[in-house]
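Visitor: The structure that follows is given in the form of structure tokens.
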Amino acid sequence: MAKLLLIIPFIFILVGMPFANRIQPMILGMPFNLFWVAAGILLSTCILGIVYRFDKQNKGEEQ
């Protein structure tokens, strides 16, 4: 079930990019489009961490 979270970054970038394709407003000194991509990278990192933590195959012994 947690692996379904992996769809969110895909949708965030692919579906959201046409709506975020503009320069104004400037957020943290970056054009909005660049901020959108940076936010997508951070969101992907968080979601991958969540999936890693809840993945049952990841509970085995480390070598």
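The values are calculated or read from the model by the stated rules, or taken from the named source; none is laboratory data. Everything quoted here is computed from the prediction, not taken from an experiment. Glycine also receives a Cβ, built like all others from the backbone with ideal geometry; neighbour counts cover every protein chain displayed. Ligands, DNA and RNA are excluded from the accessible area calculation, which covers all protein heavy atoms including side chains. Shrake-Rupley method; radii C 1.70, N 1.55, O 1.52, S 1.80 Å.
Visitor: Could you look at the chain and say what percent of its accessible area is carbon and sulfur, using a 1.4 Å probe and all protein chains?
Guide: Heavy-atom surface of the chain belonging to carbon and sulfur, 1.4 Å probe: 70 percent.
Visitor: Step through the residues of the range 43-55 one at a time and calculate ³J(HN,Hα) from phi using the Karplus curve (6.51 cos²θ - 1.76 cosθ + 1.60, θ = phi - 60°), rounding each to whole Hz and writing x for Gly and Pro.
Guide: 4, 4, 4, 5, 5, 5, x, 5, 5, 4, 5, 9, 6
Visitor: Across bins of 5 angstrom width beginning at 0, how are the C-alpha pair distances of the chain distributed, in whole percent?
Guide: Cα pair-distance distribution for the chain, in percent: 4, 18, 20, 17, 14, 10, 8, 5, 4, 1.
Visitor: So with the 1.4 Å probe, I'd like the accessible area per residue for the chain, rounded to whole Å².
Guide: 84 Å²
Visitor: Let me ask something else. 5 Å is the cut-off here: which amide hydrogens, built 1.01 Å from N in the peptide plane, fall below it relative to Ile27, excluding neighbours closer than 5 in sequence?
Guide: Phe32
Visitor: Please report, in debye to the nearest 20, how large the charge dipole of the chain is about its Cα centre when each Lys and Arg carries +1 at its beta carbon and each Asp and Glu carries -1 there.
Guide: Around 160 debye, computed over the chain.
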